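The values are calculated or read from the model by the stated rules, or taken from the named source; none is laboratory data. Nothing here was measured: the structure is a model prediction, and the numbers come from that model. Positions of Cβ are generated from backbone atoms using ideal geometry, with glycine treated the same way; all protein chains shown enter the neighbour counts. SASA here: full protein model, heavy atoms, side chains in, ligands and nucleic acids out. Shrake-Rupley method; radii C 1.70, N 1.55, O 1.52, S 1.80 Å.
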Amino acid sequence: MSRFRASLRLIGLTLVFAAAIVAPASAQGDTPPLGTYNAAIKESSISGISSGAFMAVQFGVSWSSAVKGVGVIAGGPYYCAQGTAAEGLTGNLFPALMATGPCMKGPPPALGPLFEKADEWARRGDIDDLRNIAHQQIYIFAGYNDAVVNPKVGDSAYQFYFHYLPGQSKGNLFYQNAIGAGHSQVTMDYGLACADNKDYFIDICNYDQAGILLQQIYGALNPKNKGELSGELVAFNQREFTFPESPGSYSMAETGYVYVPAVCAAQQPCRVHVALHGCKQNFDAVGDRYTRHAGYNEWADTNRLIILYPQTIAGNPLTDFGTPLNPFGCWDWWGYTNFNYALKAGRQVTTIKTMLDRLTSAYVQSRAASLTNLAAPSDVVVNDVSDTGAAIAWKPLAGAQTYNVYRATSGNNNFAGLGSVSGPSFGDMGLRPATSYAYKVTATAVGSSEGPSSPVLTATTRPVPPRCDQPGTCLVP
């Protein structure tokens, strides 16, 4: 009998050990699970730098029905590296060469095949209806000192989105390519020299990229918190979002991070922005430099924004059993996890979407504000200027269906309509360098005539940036 009991005890211990191996780590109590908050999923947005930018585009296109806006920093067009199932079975060489060649060094690939594939996948339901892109606010950035991703690739990202924006929605898109940043997330006061392309890839260029990007998506925001933040940067378990597969098999880390302002932790209405690091920029590589210093948390703290920071890991299947080949911890935009990497079913796309679903699962729908008299848009600001464009933003108006933007050359009262957008920002491209322009904005509601105009504001475009034949060495004014 004692032997029988000992055998039962051994079997029990074996089962417990096996369960510990296969169960999500949150069940083991190692790292807390990702929380749930009062956030509407359709108010969510995503941005990224480098490989994170390519992934942000993939996610924003695949799940366009759930994404309000996309920020693309040093990235390129959707499905740039291409690839097929057959190539995945033969080592994925072609997409890898596309990624490291035309999609980084340039010239970028022709967009025709990318449009054709995106259209085909949308018809099949592998990605959301591409008409949803017309309702997204898009910010694209290419620094002219970027020595890693050719700025021409940023041009291609701009052209990709432009293709899917009908005439009335062209103002949803703004492209900044007149700043001398290297391959980096750009900040006002944290990081390396502006033209650098190294280390943790955060550069100081006297340019508040996180704030500009978020205002392109959400409209004019409250000023960022320049003091002690109210919220916390919280670690969470990523294993439950890849289970039953291991995070490592998706080239994802065991732990991700999320910044939660105090007001969001108290279950007040909030929104979610997903911020994706670049290659060599995951937590294992740079610690908390990106999660604390990319610039998002300060804006999130005063604007009811939760910032989700999913994390990758570097991997080599020869030394790290079960991990795909990803030596620099990049996001999968060329198929190293699976050939369907750019679709809803892509492993990393699915994982991020499941995280977003969790964060927004405690949403409580509030009653829509009743419209009495449609007011003039308020807090209209010049959000950004390039040498050929100006971006303006304003506070959203309850009940407004569209916003109408008018422009005149500064000093001239002959305003002409530029177009209408559904979101609270507008990108005006094709302008002359070093020139001042005047803008005003009105709103229109369903069954209502056009409302009163905002005050007029003036934006002055930047001078033409210096020619840059050797990125990383060119003058930064």
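Contact map, segment 323-341: first residue outside any loop (DSSP other than H, G, I, E, B), second residue small (G, A, S), Cβ cut-off under 7 Å, separation 6 or more or different chains; pairs are N326/S251; N326/A314; N326/G315.
Restricting attention to segment 341-381, the residues that are open to solvent by 30 Å² or more (accessible area, probe 1.4 Å), under 19 Å from N326 (Cβ atoms) and touching a Lys or Arg at 6+ places or on another chain (Cβ under 9 Å) total 1. For segment 91-100, the condition holds for no residue, the condition being that it is over 13 Å from the mean Cα position of the chain (by Cα) and closer than 30 Å to G423 by Cβ.
Given the structure, is G106 within 19 Å of the chain's Cα centre (by Cα), of a type in the set (G, A, S) and crowded, with 16+ Cβ neighbours inside 10 Å?
Details: within 19 Å of the chain's Cα centre (by Cα): no; of a type in the set (G, A, S): yes; crowded, with 16+ Cβ neighbours inside 10 Å: yes.
Considered against the rule, which asks whether it is within 19 Å of the chain's Cα centre (by Cα), of a type in the set (G, A, S) and crowded, with 16+ Cβ neighbours inside 10 Å, G106 comes out as no.
The single condition from (1) within 30 Å of Y403 (Cα to Cα); (2) open to solvent by 40 Å² or more (accessible area, probe 1.4 Å) that V274 fails is (2). Within segment 419-431, residues that are within 19 Å of V446 (Cα to Cα) sit with their Cβ atoms under 9 Å from residues that are open to solvent by 30 Å² or more (accessible area, probe 1.4 Å) and assigned to a loop (DSSP other than H, G, I, E, B), at 6+ positions apart or across chains, in these pairs: S422/Q401; G423/P396; P424/K395; P424/P396; P424/L397.
When N172, N206 are checked against the criterion of being among the polar types (S, T, N, Q), closer than 30 Å to P463 by Cβ, open to solvent by less than 10 Å² (accessible area, probe 1.4 Å) and out of contact with any helix residue (DSSP H, G or I) (no Cβ under 6 Å at 6 or more places or on another chain), N172 stands alone in meeting it. Looking across segment 316-338 at every residue that is surrounded by fewer than 19 Cβ atoms within 10 Å (Cβ to Cβ) and of a type in the set (A, V, I, L, M, F, W, C), the one that is farthest from W63 (Cα to Cα) is identified as L318. Sub-9 Å Cβ pairs linking a first residue in segment 81-95 that is more than 19 Å from P108 (Cβ to Cβ) to a second residue that is modelled with pLDDT of 70 or more and assigned to a helix (DSSP H, G or I), at least 6 apart or interchain, are T84/F94; T84/P95; E87/L93; E87/F94; E87/P95; G88/P95, ordered by first then second residue.
The set of residues in segment 434-457 that are modelled with pLDDT of 95 or more and more than 15 Å from V405 (Cα to Cα) comprises A434, T435, S436.
One residue is enough: does segment 137-144 have a residue meeting the conditions part of a helix (DSSP H, G or I), out of contact with any Phe, Trp or Tyr (no Cβ under 7 Å at 6 or more places or on another chain) and open to solvent by 10 Å² or more (accessible area, probe 1.4 Å)?
no
Checking the stated criteria, D384 turns out to be of a type in the set (D, E), part of a strand (DSSP E or B) and either out of contact with any helix residue (DSSP H, G or I) (no Cβ under 8 Å at 6 or more places or on another chain) or buried (at least 16 other Cβ atoms within 10 Å of the Cβ) (or both). May I ask you to list the residues in segment 130-150 that are within 28 Å of T100 (Cβ to Cβ) and over 18 Å from the mean Cα position of the chain (by Cα)? Within segment 130-150, Y144, N145, D146, A147, V148, N150 qualify.
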